[in-house]
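A.B. asks: After the structure tokens below, expect a handful of questions from me.
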Amino acid sequence: MGGTPTDLKLIDENGRRLDGRRPDEMRPLRIEAGVLKRADGSAYVEWGLNKVMAAVYGPRECHPRHLQNTERALVQCRYNMASFSVDDRKRPGPDRRSHEISKIISEALTHVVFTEYFPRTSIDVYIEVLQANAGTRCAGLTAASVALADAGVPMRDLVASCAAGKVSDTVVLDLGKEEDNFGQADIPVGYVPRTGEIVLLQMDGDLTHEEFDKGLHMAVEACKKISDIQRDALKRRYSARTQDTEIDSTERSEAV
Ligand code: UDP
């Protein structure tokens, strides 16, 4: 969030944004489930210029052991941004921002996973941002919940996530990089469509109550659409898996 350079117009006279989107328009989103062989579950998300990979391991024995909870599983997320994911090379390794994002994503996912089914275990979620263009925490959370479902982890529902915000005094959906840098506010939202719960909500910048309500409503509506895209990715993955099994069993019966 910050002042706009004088020559940068975030919204033009026709109400279009820098990339031609209308205020309530999301960037194109593509999700693929089950992309990594060695993880228990995985998902790859391309969202505008963001490219994010999520991998899930577990439920497995929780390490370090003192973190074990005798009542439930621990959902531990590690969000990491690759050095080459941004314009100015990012210094490798964890920092304050990545700790914060890891924590809020862990908390959001803990709300939907039936953690009580797996006492003493850990469900480890790794989010790797390969290319960043604003909105990576939303893309990461969206990818992570598909990866959890792909790993067969029982959940109340998938979490879908999208940000709204304010640029040039207009409430907009899904901020791009320049809008994030030079806009007036950013509100990332994580939403559970089946229960209507909001499991992630942050706000950076200033908004009136009306603008906040409008932005939140926009983000929630977008999350409902994102949820459909997440489900489609899992359905495609499931049908591909079923076909693989059918091919396997045909080959086996032919061999007999
Ligand atoms: N960013 C960057 N270097 C950093 C951190 C962030 O260039 O070390 C960029 C990146 O494109 C990111 C954007 O700033 O997507 C917005 O970052 P923010 O902290 O708002 O999180 P995000 O919107 O990605 O969830």
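The values are calculated or read from the model by the stated rules, or taken from the named source; none is laboratory data. No experiment lies behind these values; they were computed from the predicted model shown. A quick note on method: Cβ atoms are made from the backbone with ideal geometry, for glycine too, and the neighbour counts reach across all protein chains shown. Side chains are part of the model used for accessible areas, which takes the heavy atoms of the whole protein and leaves out ligands, DNA and RNA. Shrake-Rupley method; radii C 1.70, N 1.55, O 1.52, S 1.80 Å.
A.B. asks: In contact (Cβ under 8 Å) with a residue 40 or more places away in the chain and either closer than 23 Å to Tyr126 by Cα or in a helix (DSSP H, G or I) (or both): does that describe Lys166? Steps first, answer last, please.
C.D. replies: Working: in contact (Cβ under 8 Å) with a residue 40 or more places away in the chain: yes; either closer than 23 Å to Tyr126 by Cα or in a helix (DSSP H, G or I) (or both): no.
For Lys166, the condition - in contact (Cβ under 8 Å) with a residue 40 or more places away in the chain and either closer than 23 Å to Tyr126 by Cα or in a helix (DSSP H, G or I) (or both) - is not met.
A.B. asks: If you don't mind, there's one more thing I want to ask. Identify all residues within region 69-103 that are of a type in the set (Val, Ile, Thr) and more than 10 Å from the ligand (Cβ to nearest atom); write none if there are none.
C.D. replies: First pass over region 69-103, keeping only residues of a type in the set (Val, Ile, Thr): 70, 75, 86, 101.
Result: Thr70, Val75.
A.B. asks: Out of all the residues in region 115-148, which are of a type in the set (D, E, K, R) and within 21 Å of Lys224 (Cβ to Cβ)? Outline the logic, then answer.
C.D. replies: Filtering region 115-148 for residues of a type in the set (D, E, K, R) gives 116, 120, 124, 128, 137.
Result: Arg137, single match.
A.B. asks: Limited to region 107-127, what total is found for residues that are hydroxyl-bearing (Ser, Thr, Tyr) and in contact with a Phe, Trp or Tyr (Cβ under 9 Å, 6 or more places away or on another chain)? Working first, answer last.
C.D. replies: Initial filter on region 107-127 (hydroxyl-bearing (Ser, Thr, Tyr)): 110, 115, 117, 121-122, 126.
Checking which are in contact with a Phe, Trp or Tyr (Cβ under 9 Å, 6 or more places away or on another chain) leaves us with 122, 126.
The total comes to 2.
A.B. asks: If we keep just the residues of region 23-71 that are touching an Asp or Glu at 6+ places or on another chain (Cβ under 9 Å) and among the hydroxyl-bearing types (Ser, Thr, Tyr), which is least open to solvent (accessible area, probe 1.4 Å)?
C.D. replies: Among residues in region 23-71 that are touching an Asp or Glu at 6+ places or on another chain (Cβ under 9 Å) and among the hydroxyl-bearing types (Ser, Thr, Tyr), the one least open to solvent (accessible area, probe 1.4 Å) is Ser42.
A.B. asks: Tell me, yes or no, whether region 120-128 has at least one residue that is open to solvent by 30 Å² or more (accessible area, probe 1.4 Å) and in a helix (DSSP H, G or I).
C.D. replies: Of all residues in region 120-128, those open to solvent by 30 Å² or more (accessible area, probe 1.4 Å) come to 120, 126, 128.
Within this subset, residues satisfying the condition of being in a helix (DSSP H, G or I) are none.
No: region 120-128 contains no residue that is open to solvent by 30 Å² or more (accessible area, probe 1.4 Å) and in a helix (DSSP H, G or I).
A.B. asks: Give the number of residues within region 171-209 that are closer than 18 Å to Ser102 by Cα and either surrounded by fewer than 18 Cβ atoms within 10 Å (Cβ to Cβ) or touching a Phe, Trp or Tyr at 6+ places or on another chain (Cβ under 6 Å) (or both).
C.D. replies: 5
A.B. asks: Which one of Asp180, Asp157, Asp186, Asp213 is part of a strand (DSSP E or B) and among the acidic types (Asp, Glu)?
C.D. replies: Values: Asp180 fails: part of a strand (DSSP E or B); Asp157 fails: part of a strand (DSSP E or B); Asp213 fails: part of a strand (DSSP E or B).
Matching residue, one of Asp180, Asp157, Asp186, Asp213: Asp186.
Quick grid of which residues meet (1) more than 11 Å from the ligand (Cβ to nearest atom); (2) in contact with a Phe, Trp or Tyr (Cβ under 9 Å, 6 or more places away or on another chain):
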{"site": "Val129", "(1), (2)": "no, yes"}
{"site": "Gly135", "(1), (2)": "no, yes"}
{"site": "Cys138", "(1), (2)": "no, yes"}
{"site": "Gly152", "(1), (2)": "yes, no"}
{"site": "Asp157", "(1), (2)": "yes, no"}
{"site": "Gly165", "(1), (2)": "no, no"}
{"site": "Asp169", "(1), (2)": "yes, no"}
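A.B. asks: Also, I was wondering about something else. When only residues in region 171-205 that are away from the ligand (no atom under 11 Å from the Cβ) and more than 19 Å from the chain's Cα centre (by Cα) count, which is nearest to Pro28 (Cα to Cα)?
C.D. replies: Per the stated criteria, the residue is Val171.
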